[in-house]
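Below you'll find the structure, written out as structure tokens, and then a few comments.
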Amino acid sequence: MTLIPGRTSKQGTSLNAGKLKPEYLKITSTVEMNEDDMRRMKLKQGDRVRLSSPEGEVIVTCEPKKASDLPSGILFIAYGPSSSELMGSDTAGSGMPLSKQIEVRVEAVAAGKTG
Amino acid sequence: MPELRIINGRVYDPANDVDGEVATISIRDGRIVESVSDSARTIDAHGMVVMAGGVDIHCHIAGPKVNLARKLQPEDHRLDVQPGTDVMRSGTGGVVPSTFTTGYRYATMGYTTAMEAAVPPIFARHVLEELADTPVIDKGFYVLLGNNVFLYQLLKEGRKKDFRDAIAWWLNAVKGYTVKLVNPGSDELWKRRRENISDINQKVDHFDLTPLQVIRSFIEAVDELGFPHPPHIHCNNLGHSGNFDTTLQTMKAAEGRRVHIAHIQFHSYGGEAGTNPKSAAHQIIDYINANPNVTADVGQVMFGKAITMTADAPLAWMLRGFKKGKWVNADTECESGCGIIPFAYQEHVFTHALQWAIGLELFLLSEDPWRLVLSTDHPNGGSFLQYPRLIKLLMDSGFRREEIKRLNQKAVATTSLASIEREYTMREIAIITRAGPARALGLANKGHLGVGADADVTIYTEDADREKMFNSPRYVIKDGTVVVDNHEFKVSHDGRLLHIAPGYDDAIEDALRPFFDDYYTIRFDNYAIQDDFLHAHEVIPTRNGQAGEDKKD
Amino acid sequence: MSDTETRQDNEGDIKIVKNATCTFCGCVCDDMDLTVDLKQKRITKAKNACVLGRAWFAEHTIEDRPAALIDGREASVEEAVEEAARILMEARFPITYGLSDSTCEAQRVAVAISDLVKGGVDTTTSVCHGPSGIAFQGVGETTSTLGEVKNRADLVIYWGGNPAESHPRHFTRYAVTPKGMYIPNGKKDRTVVLVDVRKTPSAPVSDIFIQVKPGRDFELLWTIRALVNGKKITADVEELTGVSRETLDDLVTRMKNCSYGVLFFGMGLTMTRGRHFNSGAVLALAADLNQFAPFVAKPVRGHGNVTGADNVVSWQTGYPFGVNFNRGFPRFNPGEFTTVDVLARGEADAALVIATDPASNFPKKAIETLRRIPVISLDTKQTETSRLARVAFTVATYGINTGGTVYRMDDVPITLRPAFESPYPTDEEILSAIRDKVLALRRQRPAAAAEKPAAP
């Protein structure tokens, strides 16, 4: 699936409080997912999933979105430590890593297990 | 500050009628004085020519459009680098050098003052920040008010006093030097339908005003306000065949009041619109010769790389049509437009050769060097670094003849250039590069070496090759500090901002405030710039006797 | 007396600062009326601020932290400055990074330091609109100040951006709802189009929402440009981009017939496949549209003074970001001198990080280098970067505790009105002290050692 990190108001307001505060960390480790994709993967709101890219992996909580708002195959996450962990550093000579287009594998994490 | 004495040099100081005589120049505390003590450092200028530091009356060296042009051409910077030294910051050159490099290069060419010619007032803070990072030289800037929507509304309503007060308010608010008009009336047409003014007497949409009325109003108001430099005008129809008539009408609008026409070469074309231009240098220079209220800078084009950067946005759009290359356009709310196009003048191109020839015709037919002064409209007609070459073209008719041979001959043949034998004298060069621009600017302490003048002095080693001579002065002294010492850049020095502070009735703020609330996107109270934002600055007094303040550092 | 005066009540505890400037995002709104509790040293109310601005003003209080730390231990500012200067002088390739949440006054000093130590200087531009800067160098740009949008624009397009969440007042103060000179009825007189890969919270503001397939922005932009210029396009456009021919024709008609059009573009274009080609396509499309109507394009810039950083670095060096001084003069090459690259390749051997947190938002490989090399950080708050820094300064917050100048996303420079004093020094003060110390160290070193060994 393609992970798109971006800004959100909540990420922006919590960032003012401090990036090491729990509010910011919670917001930046929640991934939005197309509800049909979630149904297919037998996931429900609040379930934890492992996202992995060639760079690394993170475990985040998922949040459903209507298909009209977020197309199938797309994940959205607020910028933060999770997106950094997954982001490649190749900038193709531009200085800019592909920060808004990260190909990731998504797997459900068995309840109780944490990363 | 240590004292300094320059002896044995041939001094050219036309403002004080010194014409190549050997004389001693004494300096103390940044000023020229009668004499100094025996212990003063003495520079023996035997075999050298001593002049006041050069004054550039019209260039584009700082601000938003300049910085856009800088950013636009990395390819131009990488070929021309300026390494840092213990006394210099590093930078890059090309036709739009970085700020530090701009200051150093003016200085190492013997220029100590330069005026940035076009600043949209809302961007003045940016200009001031860049000027603070432009070392050595003194500098000021002209404020673009010729398409200002608020001022147009006042004119439309016939509020002459408010108009005058608003001009004075604006100059104060942004710390400018004088009013600049660029293609008056054109912004509204450009911003509404990407069109241009073609006739100086056409109405500017709903304002019920013509460009000529706007021009006349500014000339009158600034005359009444007594600014040291009159409105600095970039006429309508720049670059268009047949535009000389517009230029004549603009000058006539002054009706004897002072006016300065910028880069007049670009406004001296005959011929029919839409066909190849012809030279109208004779018509233009005849008028200037006969009318002592008019000053102008030439805006000579020099072959090689240039970049068009102008508040005349429709002009840049027209030039974009030729190559469809990189183009920058920037519309500024209520105040201005802007266009930028990289450019190169080429000897074989008819129009470019013609422009070159017209500029030289103007110089060579001018009867009063005090009123027709040197510029390339840097970097529009070419870099300021081409001034020494231009001086050689004026001083050396043999060199000029050789250069003419390299050009498009059809173009040259339509002008009188080949038949003019005149050579500029050293005195005349001193006038068109320092004494004349300083006088036109109303800078009483610049452009000359009389007692009391700013100790900005340039010493050139005499050389028959005038380009070589004017390219690398042996000594450059700024405010009494020897910045260039025996050809070497020895010490950094920060110049001053030169600005005016005309009086006004502050009731005008009550009219400005609601306009800002409705049509600007920054708050009225955040617009005006306070003195503490400025680097070293000097208020130049207006002619109405408003006293200037002492230099502040 | 004007209404900008700072007023205090009888007890002297409450101060009102009118027309203060919010520096949280690139909108740089300068119409904040701040209520300041001077005893508590906090802003209790920020009238006119958006949700982000309110948080910005409310949360920047004075925390009880040391002004300087060396290796995590409290140190005096003087000691920390000395250590910072020593690190920068001894490094072969020290880099300066960040700058976009600091004043122009501080940025000017930061570039001076990089020049003096022959290092690199780069700003957060390289990871936001750096690709747009590259595109600008190739194409140019037709642009305007936000006031022209407010006064004239009847067609407002947002592409790859979500201002409702990232720049809330972009809609309400500048581009959508305000009334302007030729837009007497505000939003009613404008058509708002949103192009994005997902339906963001900005969608309800738009009259037309166009959903493009992820990674297909360039194709869509180039198709529109072809249609604007009257070229034929192939039938598979919908399959490729997710947008129907009818939708495109309608959009093109609106673009060509508007009175004044603007295309705002966000990082949805610069951070995805195509990067500077996407930005270049926007700029070229906007330029071409001027054959039909006044049309401008503007990147929607993120941080409060990222635009100032671009300007300062440009006027001092000739290049907007990704500048290297290793050879004693500025060179520019994105991919070679940009921060993510020099860190991911492990080239930099010291870093001066100002007002940004690469340790939490850079790719993992770059962060690994930051953990290895001596880092000097200046930040108002504790961050991942300040935690790993060898020398960490706590500084005052620009716009809240310090004056100075910032540039709005449209390059308009705006002044700051501080609300209350901070016990911490400003970025400019710390950087000036480091610069002076670096100059002193340069003077001390023996002539033979004057030239550093060439950096890689």
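Would you mind stating whether A:D90 is under 26 Å from C:G335 (Cβ atoms) and without any contact (Cβ under 8 Å) to a residue 12 or more places away in the chain? Yes; evaluated as a whole, the condition is true for this residue.
Counted as qualifying within chain A are the helices (runs of 4 or more DSSP H) with 2 or more residues that are modelled with pLDDT under 90 and within 8 Å of another protein chain (Cβ to nearest Cβ), namely A:9-17, A:81-86. In the set (1) out of contact with any Ser or Thr (no Cβ under 7 Å at 6 or more places or on another chain); (2) within 14 Å of chain A (Cβ to nearest Cβ); (3) in a helix (DSSP H, G or I), the condition left unmet by C:M255 is number (2). Residues in the range C:189-197: is at least one more than 14 Å from chain B (Cβ to nearest Cβ), of a type outside the set (S, T, Y), part of a loop (DSSP other than H, G, I, E, B) and more than 24 Å from the chain's Cα centre (by Cα)? Yes: one or more hits. Screening C:V109 against (1) at the interface with another protein chain (Cβ under 7 Å from one of its Cβ atoms); (2) touching a Lys or Arg at 6+ places or on another chain (Cβ under 7 Å); (3) at pLDDT 95 or above; (4) in a helix (DSSP H, G or I) leaves a single unmet condition, (1). Please work out which one of (1) over 26 Å from B:E129 (Cα atoms); (2) assigned to a loop (DSSP other than H, G, I, E, B); (3) within 14 Å of chain A (Cβ to nearest Cβ) is the condition C:F57 fails and give its number. The single condition C:F57 does not satisfy is (2). Residues in the range C:397-421 that are among the hydrophobic types (A, V, I, L, M, F, W, C) and more than 8 Å from chain B (Cβ to nearest Cβ) were compared, and the one that is farthest from C:V306 (Cα to Cα) is C:F420. The residue of the range B:519-544 that is farthest from the other protein chains (Cβ to nearest Cβ), among those that are exposed (fewer than 14 other Cβ atoms within 10 Å of the Cβ) and in a helix (DSSP H, G or I), is B:D531. Could you tell me whether B:I61 is touching a residue at least 12 places away in the same chain (Cβ under 8 Å), within 14 Å of chain C (Cβ to nearest Cβ) and buried (at least 24 other Cβ atoms within 10 Å of the Cβ)? Yes. Within the range C:347-371, the set of residues being away from every other protein chain (no Cβ under 11 Å) and either more than 21 Å from the chain's Cα centre (by Cα) or free of Cβ contacts under 8 Å to residues at least 60 places away in the same chain (or both) comprises C:E347, C:A348, C:D349, C:A350, C:L370, C:R371. Got at least one residue in the range C:402-421 being closer than 22 Å to A:K21 by Cα and at pLDDT 95 or above? No, the range C:402-421 contains no residue that is closer than 22 Å to A:K21 by Cα and at pLDDT 95 or above. Only one entry in C:V139, C:V149, C:V111 is among the hydrophobic types (A, V, I, L, M, F, W, C) and over 30 Å from C:L220 (Cα atoms), namely C:V111.
Applying the criterion of being part of a strand (DSSP E or B) and free of Cβ contacts under 8 Å to residues at least 60 places away in the same chain to the residues of the range B:310-343, the residue that is farthest from B:V143 (Cα to Cα) is B:F343. Say whether the condition of being surrounded by fewer than 24 Cβ atoms within 10 Å (Cβ to Cβ), under 30 Å from C:V412 (Cα atoms) and in contact with a Phe, Trp or Tyr (Cβ under 9 Å, 6 or more places away or on another chain) is met by at least one residue in the range B:91-104. No: the range B:91-104 contains no residue that is surrounded by fewer than 24 Cβ atoms within 10 Å (Cβ to Cβ), under 30 Å from C:V412 (Cα atoms) and in contact with a Phe, Trp or Tyr (Cβ under 9 Å, 6 or more places away or on another chain).
Criterion applied to C:R345, C:R331 was being within 30 Å of C:G119 (Cβ to Cβ) and surrounded by fewer than 21 Cβ atoms within 10 Å (Cβ to Cβ), and the one residue passing it is C:R345. crowded, with 22+ Cβ neighbours inside 10 Å and either of a type in the set (D, E, K, R) or in a loop (DSSP other than H, G, I, E, B) (or both): does that describe C:T234? No.
Take the conditions among the charged types (D, E, K, R), out of contact with any Phe, Trp or Tyr (no Cβ under 7 Å at 6 or more places or on another chain) and farther than 27 Å from A:D90 by Cα and apply them to C:D357. Does it pass? Considered against the rule, which asks whether it is among the charged types (D, E, K, R), out of contact with any Phe, Trp or Tyr (no Cβ under 7 Å at 6 or more places or on another chain) and farther than 27 Å from A:D90 by Cα, C:D357 comes out as no. Considering every residue within the range C:81-104, establish whether at least one is touching a residue at least 40 places away in the same chain (Cβ under 8 Å), within 14 Å of chain B (Cβ to nearest Cβ), in a helix (DSSP H, G or I) and not basic (K, R). The answer is yes, given that some residue of the range C:81-104 is touching a residue at least 40 places away in the same chain (Cβ under 8 Å), within 14 Å of chain B (Cβ to nearest Cβ), in a helix (DSSP H, G or I) and not basic (K, R). Against the conditions (1) out of contact with any Lys or Arg (no Cβ under 6 Å at 6 or more places or on another chain); (2) within 12 Å of another protein chain (Cβ to nearest Cβ); (3) at negative phi; (4) not small (G, A, S), B:L315 satisfies every one except (2). Look at the range B:231-251: where a residue is touching a residue at least 24 places away in the same chain (Cβ under 8 Å) and more than 10 Å from B:Y269 (Cα to Cα) and a partner is part of a helix (DSSP H, G or I) and aromatic (F, W, Y), sitting 6+ places away or on another chain with Cβ atoms under 7 Å, you get B:P231/B:F218; B:L248/B:Y287; B:M251/B:Y287. Residues that are under 18 Å from C:I208 (Cβ atoms) and more than 14 Å from chain A (Cβ to nearest Cβ) were ranked within the range C:156-180; the one that is farthest from the chain's Cα centre (by Cα) is C:T177. Within the range C:284-312, being closer than 27 Å to C:T23 by Cβ and not β-branched (V, I, T) holds for C:A297, C:K298, C:P299, C:R301, C:G302, C:H303, C:G304, C:N305, C:G308, C:A309, C:D310, C:N311.
Restricting attention to the range C:130-155, the residues that are facing another protein chain (nearest Cβ under 7 Å), hydroxyl-bearing (S, T, Y) and surrounded by 24 or more Cβ atoms within 10 Å (Cβ to Cβ) total 3. Those strands (runs of 3 or more DSSP E) of the range B:473-518 in which 3 or more residues are modelled with pLDDT under 95 and buried (at least 18 other Cβ atoms within 10 Å of the Cβ) are absent. Scanning the range B:239-259 turns up one or more residues that are in a strand (DSSP E or B) and either under 20 Å from the mean Cα position of the chain (by Cα) or not hydrophobic (A, V, I, L, M, F, W, C) (or both). Residues that are under 27 Å from C:V212 (Cα atoms) and among the aliphatic types (A, V, I, L, M) within the range A:1-48 comprise A:M1, A:L3, A:I4, A:I27, A:V31, A:M33, A:M38, A:M41, A:L43, listed in sequence order. Restricted to the range C:372-383, and to residues there that are at the interface with another protein chain (Cβ under 10 Å from one of its Cβ atoms) and surrounded by 21 or more Cβ atoms within 10 Å (Cβ to Cβ), the residue that is nearest to C:E63 (Cα to Cα) is C:T380.
When the range C:278-334 is filtered for residues that are of a type in the set (G, A, S), at the interface with chain B (Cβ under 8 Å from one of its Cβ atoms), within 19 Å of the chain's Cα centre (by Cα) and not in a helix (DSSP H, G or I), only C:G318 remains.
The values are calculated or read from the model by the stated rules, or taken from the named source; none is laboratory data. Everything quoted here is computed from the prediction, not taken from an experiment. Note that each Cβ is placed from the backbone with ideal geometry, even for glycine, and that neighbours are counted across all protein chains shown.
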